[in-house]
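Below you'll find the structure, written out as structure tokens, and then a few comments.
The values are calculated or read from the model by the stated rules, or taken from the named source; none is laboratory data. Given the structure is predicted, the values throughout are model-derived calculations rather than measurements. Glycine gets a Cβ as well: all are built from the backbone with ideal geometry, and neighbour counts include every protein chain shown. We work out accessible area using only protein heavy atoms, side chains counted, and drop any ligands, DNA or RNA first. Shrake-Rupley method; radii C 1.70, N 1.55, O 1.52, S 1.80 Å.
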Amino acid sequence: MASTSPRARMRALSSGRALFGRLPLTGKIGVLILLFWAITVVSVQFWPLVDPLMMAGRRLQPPSGAHWLGTDALGRDVFSRTLHGAAYTIPVAVMVVVFAVVIGSALGAIAGYFGGWFDAVIMRTADVTLSFPPILLAMTVAAALGPGLPNAGLAMIIVWWPIYARLMRAQVLEVRTREHVEAAIAGGAGRGRVLVVHILPLCWTPTLINATMDFGQVALLAASLSFIGLGAVPPSPEWGSMISEGASKFYSWWIAFGPGMAILSVVLATSFLGDGLRDIFDRRGPQ
Amino acid sequence: MSLHNLTPPVLDVRNLSKVFPIGSNLLGTKPAQMLQAVSDVSFRVAQGETFGLVGESGCGKSTLGRCILRLIDPTQGEVLLAGTDITHLNAAEMRPLRQDLQIVFQDPMSSLHPGMTIRRILAEGLRLLKLDAQTEAARIAELISLVQLPADVADRYPHELSGGQRQRIGIARAISVNPKVIVLDEPVSALDVSIQAGLLNLLRSLQERLNIAYVFIAHDLSVVRYVSDRIGVMYLGRIVETGRASDLFDNPRHPYTQALLSAIPLADPRAERKRARTVLEGDLPSPLNPPSGCSFRTRCPRARPLCAAERPLLEDTAHAVACHFPDPAGTEATARATPSTLQTGEGA
């Protein structure tokens, strides 16, 4: 019982090492991969890599000792470009998830707690947004705003917020009927205080888990948008656009291999970590 | 006694009704069905008195309790707290009055915020009093000792306490603001029998010390008898019999009360074998579609055509029933029956 109560969860969160110890092996691998990418993002410019934008050798060379992942159609080093690509894709994914969580959760909490026409307006808007295939909606928005990573990010926030709105609304609806909330009202707490102090702190777990898993999905969608030319603009070494360049050089498989494996590792790592977090926090059934 | 009768009741519930709309038609304009949870309930509670509310599950006891606290807004009727009508106050006007009216819930786990220490939980309740930090800390320590818990529970979390300890915290929270009335919504029914007695005694001693009026909601008759000065028996949202605890238990007049009492096992096996047992047939009718006339007639052994045609009204006497064919009031009870006065216990 003690291990699943929210306070115990919070304490577990604050001591990251204890939490890491409780993760399953796949979760630990996920953490390590994400840690690697996080370090890469902040420090890749200091690494002894060739300039990702410069011609480093002959074009379309297969992997070799000099170019570990070969060179692309312009003779740029794929290995260097792949690592530098992290600094484009991952910050965008982080921003998108953070904004989608903040905006979606805020709207969902308001909808769930206050109900009425506010609820109806927010949730119907969310339903409409969710009824479009994500890639299609993101394409539409990105196309309307023009290519570029910031616009692609904005498009993805528009695609993603309804998921968090629904998640948070469902949680608030469940928690608000608990007796401790009634006790708070009987104790004279106003609506705002009831929501912020007595309801929201108990609603975060599913959002946290979902955000972890979505992080990889967002990275994938960002790459997809770049792949079709709506995300990062050349010559930026963004993973999606690199794969796009590699797609036309079918026999030079290494061009797409580097960024492809990078995307795969991020998506896998976040799925592993999300699954592991769910095992720890969201254990359903008898306490 | 006569002087006591003049003091206004601290809680006066007048003709309280609550209807829940269930479902809605296609356009969402009109509810498909109306659930009559509480119908025309009136009772008064004097300072320091315990009024017990008994009834089967689903008879509207808890809804009634929540209506009194305005956790649910009643559809009709008024609740007067020390003479002030609180039914039509808005949230801001209600807030200062919440000091006088508190509640203890059935489930001691879900009624405490799982992410707060006991200290914070009690401090949340004390916000109404706007104490400074030092007074607040002292008050919290005092409350914990009042409910007979060790001082170190203050820094624990609810899940670290036992059920009985948690319920004591629930009680501490309720008494923290010096209320005049506490609604106790099945406060012991989630606990082991061995713990119930200790908690009931605690409630009693707190009542004597702090002069609080209790509205004690329960389905367990022996518990209600133990704590109550007066009792109201509810059936399908209505009070069908009300009176002093001793009168009601010694001389039940309504067939439903008689059936309830005959379901209590007697400790003496010989007496248990001898007595006639009234066993009710069928289930509680749906409050979505209550029977015409007397709501108890579908299960009543005495039902006659009149019962289906006309609803019996609750008498306005000390030991009152809502029945066309009740047993006569006991001689003692009749002698005491003075209309619309409050009968309080000997302690008055």
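Overview of results
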read-out	value
Residue in the range A:216-229 that is in a helix (DSSP H, G or I), among the β-branched types (Val, Ile, Thr), open to solvent by less than 40 Å² (accessible area, probe 1.4 Å) and within 11 Å of chain B (Cβ to nearest Cβ) present	no
Single match in B:GLN148, B:GLN134, B:GLN167 (criterion: in a helix (DSSP H, G or I), in contact with a helix residue (DSSP H, G or I) (Cβ under 7 Å, 6 or more places away or on another chain), at pLDDT 90 or above and over 23 Å from A:LEU200 (Cβ atoms))	B:GLN167
Test: residue in the range A:237-253 that is in a helix (DSSP H, G or I), open to solvent by 20 Å² or more (accessible area, probe 1.4 Å), of a type in the set (Gly, Ala, Ser) and at pLDDT 90 or above	no
Among (1) more than 14 Å from chain B (Cβ to nearest Cβ); (2) surrounded by 15 or more Cβ atoms within 10 Å (Cβ to Cβ) - the single one A:ALA144 does not satisfy	(2)
Selection count where residues are more than 8 Å from chain A (Cβ to nearest Cβ), open to solvent by 30 Å² or more (accessible area, probe 1.4 Å) and farther than 18 Å from B:LEU184 by Cβ, scope the range B:98-138	12
Candidate set: the range B:187-200, residues that are open to solvent by 40 Å² or more (accessible area, probe 1.4 Å) and more than 14 Å from chain A (Cβ to nearest Cβ); chosen: the one nearest to the chain's Cα centre (by Cα)	B:ALA197
Residue match in the range B:291-302 (condition: over 27 Å from B:VAL19 (Cα atoms) and surrounded by 12 or more Cβ atoms within 10 Å (Cβ to Cβ))	yes
Flag for A:PHE79 being within 27 Å of the chain's Cα centre (by Cα), within 18 Å of A:GLU245 (Cβ to Cβ) and not polar (S, T, N, Q)	yes
Conditions (1) at pLDDT below 90; (2) touching a strand residue (DSSP E or B) at 6+ places or on another chain (Cβ under 9 Å); number of the one not met by A:LEU220	(2)
Residues of the range A:71-86 that turn out to be in a loop (DSSP other than H, G, I, E, B), in contact with a helix residue (DSSP H, G or I) (Cβ under 8 Å, 6 or more places away or on another chain) and surrounded by fewer than 22 Cβ atoms within 10 Å (Cβ to Cβ), as a count	1
Single condition B:GLU160 does not satisfy, out of (1) in contact with a Gly (Cβ under 8 Å, 6 or more places away or on another chain); (2) more than 24 Å from B:PRO9 (Cβ to Cβ); (3) within 14 Å of chain A (Cβ to nearest Cβ); (4) of a type in the set (D, E, K, R)	(1)
Residues located in the range A:189-214, provided they are more than 10 Å from every other protein chain (Cβ to nearest Cβ), of a type in the set (Gly, Ala, Ser) and surrounded by 16 or more Cβ atoms within 10 Å (Cβ to Cβ)	A:ALA211
Odd one out for A:LEU273 among (1) hydrophobic (A, V, I, L, M, F, W, C); (2) surrounded by fewer than 19 Cβ atoms within 10 Å (Cβ to Cβ); (3) in contact (Cβ under 8 Å) with a residue 24 or more places away in the chain	(2)
Any hit, the range A:182-203, residues being modelled with pLDDT of 90 or more and under 19 Å from the mean Cα position of the chain (by Cα)	no
The lone exception for A:ILE135 - which of (1) within 19 Å of A:TRP160 (Cβ to Cβ); (2) aliphatic (A, V, I, L, M); (3) modelled with pLDDT under 90; (4) open to solvent by 70 Å² or more (accessible area, probe 1.4 Å) it fails	(4)
Any hit, the range A:54-68, residues being in contact (Cβ under 8 Å) with a residue 24 or more places away in the chain and under 24 Å from A:VAL233 (Cβ atoms)	yes
Breaking point among (1) facing chain A (nearest Cβ under 10 Å); (2) in contact with a strand residue (DSSP E or B) (Cβ under 9 Å, 6 or more places away or on another chain), for B:ARG95	(2)
Residue in the range B:219-230 that is in a strand (DSSP E or B) and either free of Cβ contacts under 8 Å to residues at least 24 places away in the same chain or closer than 19 Å to B:GLY60 by Cβ (or both) present	yes
Looking only at the range B:45-65, and only at residues there that are of a type outside the set (Asp, Glu) and open to solvent by 30 Å² or more (accessible area, probe 1.4 Å), the one that is nearest to the other protein chains (Cβ to nearest Cβ)	B:SER62
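Every residue, every condition in (1) over 12 Å from the mean Cα position of the chain (by Cα); (2) of a type in the set (Phe, Trp, Tyr); (3) buried (at least 24 other Cβ atoms within 10 Å of the Cβ), yes or no:
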| site | (1), (2), (3) |
| --- | --- |
| B:VAL177 | yes, no, no |
| B:ASP185 | no, no, yes |
| B:LEU202 | yes, no, no |
| B:GLU208 | yes, no, no |
| B:VAL215 | no, no, yes |
| B:LEU248 | yes, no, yes |
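Okay, residues lined up against (1) open to solvent by less than 40 Å² (accessible area, probe 1.4 Å); (2) within 11 Å of chain B (Cβ to nearest Cβ):
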residue	(1), (2)
A:TRP161	yes, no
A:TYR164	yes, no
A:ALA170	no, no
A:GLU174	no, no
A:VAL181	yes, yes
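So that you can scan it fast, the table gives a plain yes or no per residue for (1) free of Cβ contacts under 8 Å to residues at least 12 places away in the same chain; (2) touching a Lys or Arg at 6+ places or on another chain (Cβ under 7 Å); (3) among the β-branched types (Val, Ile, Thr):
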site: A:GLY85; (1), (2), (3): no, no, no
site: A:TRP117; (1), (2), (3): yes, no, no
site: A:ALA126; (1), (2), (3): no, yes, no
site: A:LEU136; (1), (2), (3): yes, no, no
